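Undergrad: Before I ask anything, here is the structure I am working with.
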Amino acid sequence: MSLFKRLLDFYLDSSIHTALSCYALVRMTQHIFQIHGNQYVAGFAFFGTIVGYNFVKYDALARTQKIKMGKQLMAIVGLSIMAFIGAAITFYQLDHLTQIIAIAFLALTLLYTLPFFPNKSNARNWRGIKIYIVAFCWVGVTLILPVLDAGIALTSDFYWKCLQRFLLLFVLIAIFEIIDLKNDDPNLQTVPQKIGVKRTKTVGIFLLLVFYVLEFMQTKTNNLQLTVNLILVVMMAFFLMFAHENRSKYYTSFWAESIPMIWYLMLVLITTF
């Protein structure tokens, strides 16, 4: 295995790439609502995503001893500990209300991961609910937390943005579910398992159109955001349409998960030049 592939796999397996996607969505929220100079929420989202995702991915395997503590896993544990320290430091810089909301999303993440009730599976294995929990948590961390921490009034634009962000994340997760179709437990009842790949793609395209149309419902929309969102919708539509269960894991874990970063970078480049 080449050094580059080992580094890439560590970068993906340790959830750094996922954390950067989360960070990009927070920064996009801060741009949309004109929140300046506050890096603590973005930092908390970045570090918290590393801790949360690594906990979700490796906790069950560690508890059942189905995974050996190899060098890469030890490195991921070390990285997660450092990320936890970073998350704790940034957490204490947040507004008190933001801290309470952050704890609520942490509790939802634990519910998603750990079996709290005797003889019951965790929420991750509850039929058909996975995509909604994950999308809702991402909306909370990447949009609700930054807005609340900045003390911005919750106007209709805020709620439209929440719905937009949920739809965007729903479609993005649906791409993952299509790729993971042959590996997912049938009892999960993911969207492709329930309605099939073709219908999942149709629903995804429809939701992307709704996402774009919702931009016109808002009072502070502008041509720049409409242009960037149109490019985003077209790009996600292509990823969705070309997704199938025999795709490489890098199709989603690297390329599809890069979409939030590309979305934010497009905005930065257009506003800069």
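Undergrad: Multiply the residue gap between L110 and D180 by 0.36 nm, knock off their C-alpha separation, and tell me the result in nm, one decimal place. Kindly include the intermediate steps, with their values, before the conclusion.
TA: Details: separation 70, 0.36 × 70 = 25.20 nm, distance 2.26 nm.
Taking L110 through D180 to full extension adds about 22.9 nm, to one decimal.
Undergrad: Something else about it: Are there trypsin sites (Lys or Arg not before Pro) in the stretch 1-34 that DSSP marks as loop and that have at most 14 other Cβ atoms within 10 Å, and which are they? Don't jump to the answer; show the numbers that get you there.
TA: Working: sites: K5, R6, R27; in loops: none.
Those that pass, being in a loop and sparsely packed, number zero.
Undergrad: To the nearest 0.05, what FRET efficiency results for N246 and K71 with a Förster distance of 30 Å applied to their C-beta separation?
TA: Efficiency at R0 = 30 Å is approximately 0.50.
Undergrad: If you stretched the chain out fully between H31 and V213, how much longer would it get, using 0.36 nm times the residue separation minus the C-alpha to C-alpha distance?
TA: That works out to 63.5 nm of additional length.
Undergrad: So, one more: For the stretch 135-246, give the percent of accessible area contributed by carbon and sulfur heavy atoms, probe 1.4 Å, rounded to a whole number.
TA: Values: 3580 of 5260 Å².
That share works out to 68 percent.
Undergrad: Moving on to the next point. Which residue, I32, I173, I76, has the most motion in a Gaussian network model of the chain that connects Cα atoms within less than 10 Å?
TA: Sorting by GNM fluctuation, first place goes to I32.
Undergrad: To continue, here is another question. Aspartates and glutamates within cross-link reach of K130: Cα-Cα under 15 Å, excluding same-chain residues under 8 positions apart?
TA: Those aspartates and glutamates meeting the cut-off are E177, D180, D184, D185.
Undergrad: Can you compute the helix-only [θ] at 222 nm over the chain? Use -39500 (n - 2.57) per DSSP H run of at least 4 residues, normalise by all residues, nearest 500 deg cm²/dmol.
TA: Details: 12 runs with 185 residues, N = 273.
Here the helix-only value at 222 nm equals -22500 deg cm²/dmol.
Undergrad: For the chain, modelled as a Gaussian network with Cα springs under 10 Å, which listed residue fluctuates most, L167, L145, L214?
TA: Residue with maximal mean-square fluctuation among L167, L145, L214: L214.
Undergrad: Let me ask you something else. Which whole-number percent gives the relative contact order of the chain, counting Cα pairs below 8 Å spaced six or more residues apart? Provide the component values of the computation, followed by the final result.
TA: On the way: 264 pairs, mean separation 60.1, N = 273.
Over the chain, the number comes to 22 percent.
Undergrad: Follow-up question, since we're still on this one. Which residue, F254, F238, F170, has the most motion in a Gaussian network model of the chain that connects Cα atoms within less than 10 Å?
TA: F238
Undergrad: Contour minus end-to-end for I81 and V268, with contour as 0.36 nm per residue of separation and end-to-end as the Cα-Cα distance? Display every interim value, and only then the final one.
TA: Working: separation 187, 0.36 × 187 = 67.32 nm, distance 3.15 nm.
64.2 nm is the gain from fully extending I81 to V268.
The values are calculated or read from the model by the stated rules, or taken from the named source; none is laboratory data. In this text the structure is predicted, and so the values were computed from the model without any measurement. For neighbour counting, all protein chains shown are included, and Cβ atoms are generated from backbone atoms with ideal geometry for every residue, glycine included. Calculation scope for accessible area: heavy atoms of the full protein, side chains included, ligands and nucleic acids excluded. Shrake-Rupley method; radii C 1.70, N 1.55, O 1.52, S 1.80 Å.
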